[in-house]
Amino acid sequence: PRAARCRVADRPGLATLHLAARGRAANWLAGSRPSSQAQGHRSTVEVEAVTLDQLLAKHPPPTLVKIDTEGSEAPILAGAERLLGEIRPTFLIEVSAPCAGAVATIFRANHYQIFDAELNPSDRLRLDRAAARTLAIPGASLAG
């Protein structure tokens with residue numbers, strides 16, 4: 001059977017996925033900035049876009065979410081209101097520089113504390129802006 005083509009995005013629907021000229025890890029969605037490692041694209045494909053919240057309807061709630069999406073971090077988090085507000089997993093997220101401010105704002109609005117994941121735990125200080133590799137840990141509950 002053929003694998004389903006699907007990407008996580010900020011809203012459901014169709015999305016254009018650019019397939020990087022160099023390596024699959026640098027693919028990106030139309031509307032986000034490609035990584036310099038992509039070195040252009042070799043083709044595009046239409047894919048189904050789903051939100052992180054939609055995935056909750058079909059899968060058990062996660063305790064950890066890892067995101068590495070080449071510039072789509074903030075839009076993906078925008079489609080995760082229930083995940084951020086109710087489920088409250090820990091996030092390990094690779095954040096592109098243009099998304100750093102928006103990612104931090106979304107996590108702060110949902111009472112998460114963010115840290116530089118590359119530092120030893122004993123050296124980590126709370127950040128105001130997302131780091132290249134951000135660890136986001138839920139703080140006080142929104143209900144509490």
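The values are calculated or read from the model by the stated rules, or taken from the named source; none is laboratory data. Predicted model only: the values in this text are computed from it and were never measured. Cβ coordinates were reconstructed from backbone atoms using ideal geometry, including for glycine residues, and neighbour counts include every protein chain displayed. Surface areas here come from the heavy atoms of the whole protein model, side chains and all, with no ligands, DNA or RNA. Shrake-Rupley method; radii C 1.70, N 1.55, O 1.52, S 1.80 Å.
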Kindly provide the set of residues from the range 87-123 that are in a helix (DSSP H, G or I), free of Cβ contacts under 8 Å to residues at least 40 places away in the same chain and open to solvent by 30 Å² or more (accessible area, probe 1.4 Å), ordered by number.
I87, A97, A102, T105, I106, R108, A109, P121, S122, D123
Out of the residues in the range 39-53 that are open to solvent by 80 Å² or more (accessible area, probe 1.4 Å) and modelled with pLDDT of 80 or more, which is farthest from R11 (Cα to Cα)?
E46
Top-ranked residue in the range 54-70 [being assigned to a loop (DSSP other than H, G, I, E, B) and at pLDDT 85 or above; ranked as least open to solvent (accessible area, probe 1.4 Å)]
L56
For the range 133-144, how many residues meet the condition of being in a loop (DSSP other than H, G, I, E, B) and at pLDDT 95 or above?
0
Which number in (1) surrounded by 16 or more Cβ atoms within 10 Å (Cβ to Cβ); (2) among the charged types (D, E, K, R); (3) over 19 Å from D53 (Cβ atoms) marks the one condition that R126 misses?
(1)
